[in-house]
1. Ignoring ligands, DNA and RNA, what accessible area per residue does segment 1-43 give at 1.4 Å, in Å²?
2. Please report, in Å, the Rg and the Dmax of segment 1-126, where both are computed over Cα atoms only.
3. With unit charges on the beta carbons (Lys and Arg positive, Asp and Glu negative) and the dipole taken about the Cα centre of the chain, which residue among L259, M352, N108 sits farthest to the positive side?
4. Taking the dipole about the Cα centre of segment 281-344, with the C-beta of Lys and Arg at +1 and of Asp and Glu at -1, give me whichever of I333, P294, L315 is farthest to the positive side.
5. Considering the zone a paramagnetic label at A244 would reach in this model (a point 7 Å from Cα along the Cα-to-Cβ line), which residues of segment 294-311 have amide N under 15 Å from it?
6. May I ask you to compute the full-extension gain from R179 to E324, defined as 0.36 nm times their residue separation minus their alpha-carbon distance, rounded to one decimal in nm?
7. For every other residue with a beta carbon closer than 13 angstrom to the beta carbon of Q189, add +1 if it is Lys or Arg and -1 if Asp or Glu, then tell me the sum.
8. List the residues, sorted by chain then number, that are 5 or more residues from V277 or on another chain and whose placed amide H is less than 5 Å from its amide H.
Amino acid sequence: MGWSITVGSIAGTAVRIHITFLLFLVWIFGAMYVAGGTAAAWSSLIFIVLVFLCVLLHEFGHIFTARAFGVRTPDVVLLPIGGVARLERIPEKPSEEFLIAIAGPLVNVVIAGLLLTVGGADLTSYAAAASLDNTTVPMVDKLAMVNLFLAIFNMIPAFPMDGGRILRAALSARLGFVRATEIAATIGQGAAFLLGFIGLFYNPILIFIAIFVYLAASSEAHMVALRAVSRGVPVVAGTMTKIATLTPDAPIEDAVQVLLQTSQSEFPVVDFERKPVGLLTRGGIIRALKELGPDARVSQAMTTDVVSIDRRRPLDEAVKLLQERSAPAVAVIEPDGRLVGLITTETLGELMMVSQAMPEGFRLGRSAGRGPWGRPAGA
């Protein structure tokens, strides 16, 4: 995730802090300093840090459970509205998703239980329940209350909350993964509108949470629908073949001209055998112009980490590569390594729109005389 700083790694998962989280801490410290002085400011700051430590433990509940099912977890990012653990793939077995989703809230329940039994926390006071910013309430009481709140809040059956994932797992067994995702995402979007409406009158922070929930629900529904469309389809059906390429020794000035003359955002860099040796993005071109000047070479600005796939592979594998590697594009190659074309998130989005617009009975596939579209066999 952009605008985030890696602060360490736990069991192979990078822990990252978004810049807005640091600004949030500064804002909390400043607001409490003005309201109650130095002691109140430091107390509030320590409390917020401890809360987000609990949030981090919540996310690692998801992470370690996902690892048990062979799902890799590259990083976790702390934001002002919580934490986000990135899984390289979505477990499509309902039982696996259920266990991964419920692991996070269970961690908060365990933390609250330890604070109550070992730490001596007391939840019976009105202040602990209603005034978490009250500096006279013991911090252990407030932490126990927050962990119970996190467990309950995350169990709301609206995507992308953990409860939404549990709902999807329950629905998947009967309705299928795609339809279950659509329902959970729709409920999540409805919950986002409700949170936003409440935030207009009570707490502006709820508006930001609502925006995050809405975008996350929409993104998940789009991603799952794309995977469903691409499953069983040859990779060439979603490949952009009429593309401009560059050579490593070409000047950046040439890349600028190609950028202006085409609608591409990613340019494969090929050798004399037309084998991809790098990838140059629009951002890379602009950055090279600023830092190196127009006489710099493409090889100085390109990335050599080219994600590629054989043209004979299914399209859903290319979709998986885009998601897992966070790659700007996937190079489609011949068995001998020569470039065939590119697959990007933009071309896949267009492919999905076309697929949804096709008459019933047609589907993606390679049929004689029909290009990438055709009726199922026997239709």
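1. Here the per-residue accessible area is 61 Å².
2. 16.9, 52
3. M352
4. Comparing the listed Cα positions along the dipole, P294 ranks first.
5. Counting backbone N atoms under 15 Å from the label point, the list is 298.
6. Working: separation 145, 0.36 × 145 = 52.20 nm, distance 2.29 nm.
Full-extension gain reported as 49.9 nm.
7. Details: positive: none; negative: E182, E220.
So the surrounding residues net to -2.
8. Residues meeting the criterion, in which the H sits 1.01 Å from N, are V269, V270, D271.
The values are calculated or read from the model by the stated rules, or taken from the named source; none is laboratory data. As the structure is a computational prediction, the values presented were derived from the model and not from experiment. No Cβ is skipped: glycine too gets one built from the backbone with ideal geometry, and neighbour counts run over all protein chains shown. Just the protein is used for accessible areas: all its heavy atoms, side chains included, with ligands, DNA and RNA removed. Shrake-Rupley method; radii C 1.70, N 1.55, O 1.52, S 1.80 Å.
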